[in-house]
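Since every read-out is calculated from the coordinates, none of them should be taken as a lab result. Keep in mind the model is a prediction, meaning the values are calculated, not measured. Cβ coordinates were reconstructed from backbone atoms using ideal geometry, including for glycine residues, and neighbour counts include every protein chain displayed.
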Amino acid sequence: MTAADTKAAGPPVPVPRDPKSAVSPLPIEGGKGPRAPKRKRKKGELLPYFLILPAIVAIAAVYLYPLAKTVIMSFQDMGRRELWTGDPAPWVGFDQFTNILGDSDFWWVTFRTVVFMAVCVTLTMGLGLLISLLMRRLSNWVRLILTFCLIAAWAMPLMVAASIFRFMADSDYGLINTLIAKVVGEDWLGHNWYLDPLQGFAIITLLVVWGAIPFVVVTLYAALTQVPQELEEAASLDGATGFGIFRYVTWPVIKPVFSMVSTLSVIWDFNVFGQIWLLRGSKPEPEYETLGLYSYSKAFESTSFSQGTAIALITVILLSAVAVYYLRQLMKTGEVE
């Protein structure tokens, strides 16, 4: 190609632009760059915040104030005299925490609480998962009856449920002893389940699991309805076993929900109080004390309110890690959705 074959370049053709949707790329006079358009505040944009403000204030009054009071009291030495006279309690710094952490009874109670929580959570989640899987294979009317029974058990007040279990485990006319005596022998008639803490905690565990299973079953069954049936049918046609279908198709879908429910169960079972309190007639023996009961015993029976609040604060700190994990799982689930 020669120079004669080339043509002189013409002036650039301006591209039409919408003045409403574009910002001038040229810097404004005396400025360093383009001026961003001002964002207009929509009418009623702050209305949702004003609507939830009463709820935030109520939550702060119900939860934040007692928590702040607990933190303050744990660094004081408040006894019965300060409570009745209103005199300011002396500040003792970390002495309450030092005394508690140096007490062997506290560590035994903590160990007992963790073991009890682990057993309850394992049984609750295992049985809840099995029942929710079973509900998928039931007919509609059988599933409806089972769901009604679960919700009825879930809605039963704790006082009523504890009274029923206390009657069933009664040493004189309890149903459990009667059934076992018919199978094993009459030696079980008059058996007291609460003389041995292991047997007593078995009855308490049954009550806790019985009350927690309905929520787990309903929640996991709702998660199972989100599993695509096409994937399960395709895996079955490819020769996958029932366990293989559950492991590679069903479990990945329900795993986030299972993790969140497990975390909630850990928090609830770690703080079990009413079940033990009611089954032991409002006077639980030291062998049946968990952290919640141990804190109550220190605060009201020993009238050492500061030690009781310090134990409660330690419990809150222990459960904070579980709460953080729960929030992370909740955020991950929201991102997936």
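Once the chain from Leu179 to Ser139 is taken as fully extended at 0.36 nm per residue, the excess over their C-alpha distance is 11.2 nm. Can you pull a Stokes-Einstein diffusion coefficient for the stretch 218-287 at 4 °C (1.567 mPa s), Rh from Kirkwood over Cα pairs, as a whole number of µm²/s? For these conditions, the coefficient is 86 µm²/s. The calculated 222 nm mean residue ellipticity attributable to helices in the chain amounts to -20000 deg cm²/dmol, summing -39500 (n - 2.57) over DSSP H runs of n ≥ 4 and dividing by all residues. Backbone amide hydrogens, once placed in the peptide plane, bring Gln76 within less than 5 Å of Val92, excluding anything fewer than 5 places away on its chain. Axis of helix 104-135 versus longest Cα principal axis of the chain: the two differ by about 70°, to the nearest ten degrees. Given R₀ = 41 Å, what would the calculated FRET efficiency be for Thr85 paired with Ala321, taking r from the Cβ atoms and rounding to 0.05? That pair, Thr85 with Ala321, gives E of 0.60.
As a calculated quantity, the FRET efficiency between Ser104 and Thr147 at R0 = 51 Å, using C-beta atoms, amounts to about 0.60. Length available on full extension from Ala202 to Phe243: 0.36 nm per residue minus the Cα-Cα distance, which gives 11.7 nm.
Once the Cα atoms are used to define both axes, helix 47-59 deviates from the longest principal axis of the chain by about 20 degrees.
Per-residue Karplus couplings for the stretch 242-256, computed as 6.51 cos²θ - 1.76 cosθ + 1.60 with θ equal to phi - 60°, are listed in order as x, 5, x, 5, 5, 6, 9, 10, 6, 4, x, 7, 8, 4, x Hz, Gly and Pro entered as x.
Annotated for the chain: lysine pairs at least 8 residues apart or interchain, Cα distance under 25 Å, count 9.
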